[in-house]
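Written out below as C-alpha cells is the structure these notes cover.
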Amino acid sequence: MDKISILNKVKEIYLHNGNIISYLKKIDGAKNNSIEDILISYDFQSGSYDEEYSKDPILNDKYKLYCSYISNIIYSLGEYDSLLEVGVGDGTTLGNVLILLKKMPQRCYGFDLSWSRIKYARNFLKKLKINDVKLFTADLFSTPLKDNSIDIVYTSHSIEPNGGREKDALVELYRITNKYLILIEPAYEFASDKAKERMIKCGYITRLYSTAKGLGYNIVEHRLLETSLNPLNPTGVIIIKKESNLKTSNPLCCPVTKSNIIQKDNAYYSKDSLLAYPIIDEIPCLLGQNAIIATKFLDDI
C-alpha cells in the first residue's frame, strides 16, 4: 500500500494518541521501521517536543541538564569551526546546546527527515534569538553534504528508530565528519533486560557500538551519559575521532551524486547531476526523493 495516500487515516490515529509507526509496520508486516514510517510518524509529531517541555518545568530542567552535558562534550573536543546536529527535530536540543556552548561555531547546521519538524525547529531557534543556523531536510543515510565537510557531527536519539541499519548510518555520518562524530544514542549494552526488551520491540538500534568497533573507527569514548530522560531508554555516548582537518565553506551538495549545488530562485540545482531541489517556505528540501529532473533549469528562455 502507498502509505502517503492514507495520511488522513494516520492523522486519526495520531489524534487518538495511537502509535503511528506500529500501525504502519502492521500494514507491511515488517519488524523494522522503514524510512517512510519514520518520516510520517515524526512529521505528525512536529511541535510536540517543544510543547511537552514547556508544560512540564521538571522535565524542562532535566532536558536542559541533558543538553548541558552535550555542550560540554562538544566544547571539550578542542577547536571546531562547523557543527551539525543530525535529526534536529523541533530544534529543542540544538537550540539549548548552542545557548550553553562556551564557543559558538562559525557555521552551524541542522537537518531532519521531516519538513514540518524543520519548520518548528526554525521557529524554536528564533524564539531563542538564534538566527544563523542553516536548516534543511535530509536523510541521514544519504546526506546532501560533502566528504569531511563538518568538523563536529552529533546525533541525539536520531539514529534510534533505525534498528538494523547501524552500519549504514555510521558509514554515512563518518563520511561527512571532519574531526569528531558524537553519537548520543540508546545504549543497548548498558540497558536493563526490561529496557532491552522495549528497545527491540520499538525497532531501536542495538548494535551501534559493536558496529563502530567492527568498522575500525577510532572510538575515544564509550559510556553512559550522566543523565537519561527515560530509564527504559538509557542514553549512551560514543565519540569517534577522525583525522581529516579539511576546510570547506560550503558543505551542501546533491544528495544523489554528491556534486556541487547552487541556489537559484526557489531551488537548489546541480549542474553535474541535472537535478533540482525545491525550497519551500525558505526550507531547502534536500531528500533524494525530492529531486526533480531539470536538464534545462539554467536555460535562459
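A few notes on this one:
- Computed from the C-beta positions of Lys296 and Glu226, the FRET efficiency with R₀ = 45 Å rounds to 0.20.
- Once the Cα gyration tensor of the chain is diagonalised, semi-axes √(5λ) in Å: 28, 25, 20
- Hull volume in cubic angstrom per residue (convex hull over the Cα atoms of segment 3-44): 59
- Mean ellipticity per residue at 222 nm, deg cm²/dmol - from DSSP H runs of n ≥ 4 across the chain, formula -39500 (n - 2.57): -10500 deg cm²/dmol
- Centroid-to-centroid separation of segment 251-296 and segment 112-155 [C-alpha atoms, Å]: 16
- Backbone N within segment 128-162 under 16 Å of label point (7 Å from Asn260 Cα along the Cβ vector): 145-147
- Segment 221-252 residues near the modelled Asp272 label - backbone nitrogen below 18 Å, point 7 Å along Cα→Cβ: 246-252
- Largest GNM mean-square fluctuation among Asp272, Asp56, Asp139, using the chain with Cα springs under 10 Å: Asp56.
- Fraction of antiparallel bridges per DSSP, the chain only, in percent to nearest 5: 55
- Note on segment 93-200: semi-axes of the ellipsoid equivalent to its C-alpha gyration tensor, largest first and rounded to whole Å, are 25, 17, 14.
- FRET efficiency for Glu79 and Lys167, using Cβ-Cβ distance with R0 set to 30 Å, rounded to 0.05: 0.50
- Label-reachable residues, segment 90-129, where backbone N falls under 18 Å from a point 7 Å from Asp61's Cα toward its Cβ: none
- The lysine pair count for segment 184-301, using Cα distances under 16 Å and pairs eight or more places apart or on different chains, is 5.
- Computed from label points 7 Å out along Cα-Cβ, the spacing between Glu282 and Ser210 is 4.7 nm.
- Extension gain, Lys247 to Ile4, is 83.5 nm, computed as 0.36 nm per intervening residue step minus the present C-alpha separation.
- Between Leu229, Leu125, Leu113, the Gaussian network model of the chain with springs among Cα atoms under 10 angstrom shows the greatest mean-square fluctuation at Leu229.
Each value in this text was obtained by applying a stated rule to the coordinates, not by laboratory testing. These numbers were taken from a predicted model, which means no experiment stands behind them. Note that each Cβ is placed from the backbone with ideal geometry, even for glycine, and that neighbours are counted across all protein chains shown.
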